[in-house]
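Following: one structure in structure tokens, then a few remarks.
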Amino acid sequence: GGGGLELKLSRFFEAHLPGGGLPDLVLFGGMPVHEGTMERLDGGLLHPAARAGFTQLCGVFHTASAFGFWLAVRILHEGHVPAVLPVRGTLPQPVRSVLVLTHHQNREYAWSLLGHV
């Protein structure tokens, strides 16, 4: 299940984001899994933050999160999302925080929060 993940993410946001809010943008990595945990997060805990999947741009491989980090840094540096990345939800301008959230087979999860300093 993903209930434990939602609780851990909520606590992480409370500890690392102003007012326990949401990041400006969430970049998902990993293969889509029908009715999986990531899909529930997308429509639940992470809504209405801006959300986008990055693996459709680079493919799925063991170190794809490195591409997610590069993309997040580029977005933070430029303050906006490249046109090739379809985004759901409301994206603030400029983007000041990006959560890179990856999974392997919808069972193992990792996330990192990057912010503009």
- Task: Return only the number of the condition from (1) out of contact with any Asp or Glu (no Cβ under 9 Å at 6 or more places or on another chain); (2) modelled with pLDDT under 90 that Arg11 does not satisfy.
- Result: (2)
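Regarding Gln105, is this residue surrounded by fewer than 21 Cβ atoms within 10 Å (Cβ to Cβ), without any contact (Cβ under 8 Å) to a residue 24 or more places away in the chain and of a type in the set (S, T, N, Q)?
Working: surrounded by fewer than 21 Cβ atoms within 10 Å (Cβ to Cβ): yes; without any contact (Cβ under 8 Å) to a residue 24 or more places away in the chain: no; of a type in the set (S, T, N, Q): yes.
Judged against the criteria, Gln105 is not a match.
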- Note on the structure: Note on region 69-96: residues touching a helix residue (DSSP H, G or I) at 6+ places or on another chain (Cβ under 8 Å) and surrounded by 13 or more Cβ atoms within 10 Å (Cβ to Cβ) are Leu71, Val81, Leu85, Arg88, Val95, Arg96
- Message: Pull out all pairs, ordered by first then second residue, where Cβ-Cβ is under 7 Å, the residues are six or more apart or on different chains, the first lies in region 65-83 and is over 14 Å from Ser97 (Cα atoms) and at pLDDT below 95, and the second is open to solvent by less than 40 Å² (accessible area, probe 1.4 Å) and hydroxyl-bearing (Ser, Thr, Tyr).
- Response: Ser65/Thr102
- Do we find a residue being closer than 25 Å to Glu14 by Cα and open to solvent by 40 Å² or more (accessible area, probe 1.4 Å) anywhere in region 49-64? no
- Query: For region 10-117, which helices (runs of 4 or more DSSP H) that fit wholly inside it have 1 or more residues that are of a type in the set (Phe, Trp, Tyr) and more than 10 Å from the chain's Cα centre (by Cα)?
  - Reply: 64-78
- Message: Cβ contacts < 7 Å: first residue more than 15 Å from Thr90 (Cα to Cα), restricted to region 38-51; second residue of a type in the set (S, T, N, Q), any location; separation 6+ or different chain. Result?
- Response: Met38/Asn106
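The values are calculated or read from the model by the stated rules, or taken from the named source; none is laboratory data. Because the structure is predicted, anything quoted here is derived from the model rather than measured. FYI the Cβ positions are ideal-geometry reconstructions off the backbone, even for glycines, and counts take in every protein chain you see. For accessibility, only protein heavy atoms count, side chains too; no ligands or nucleic acids. Shrake-Rupley method; radii C 1.70, N 1.55, O 1.52, S 1.80 Å.
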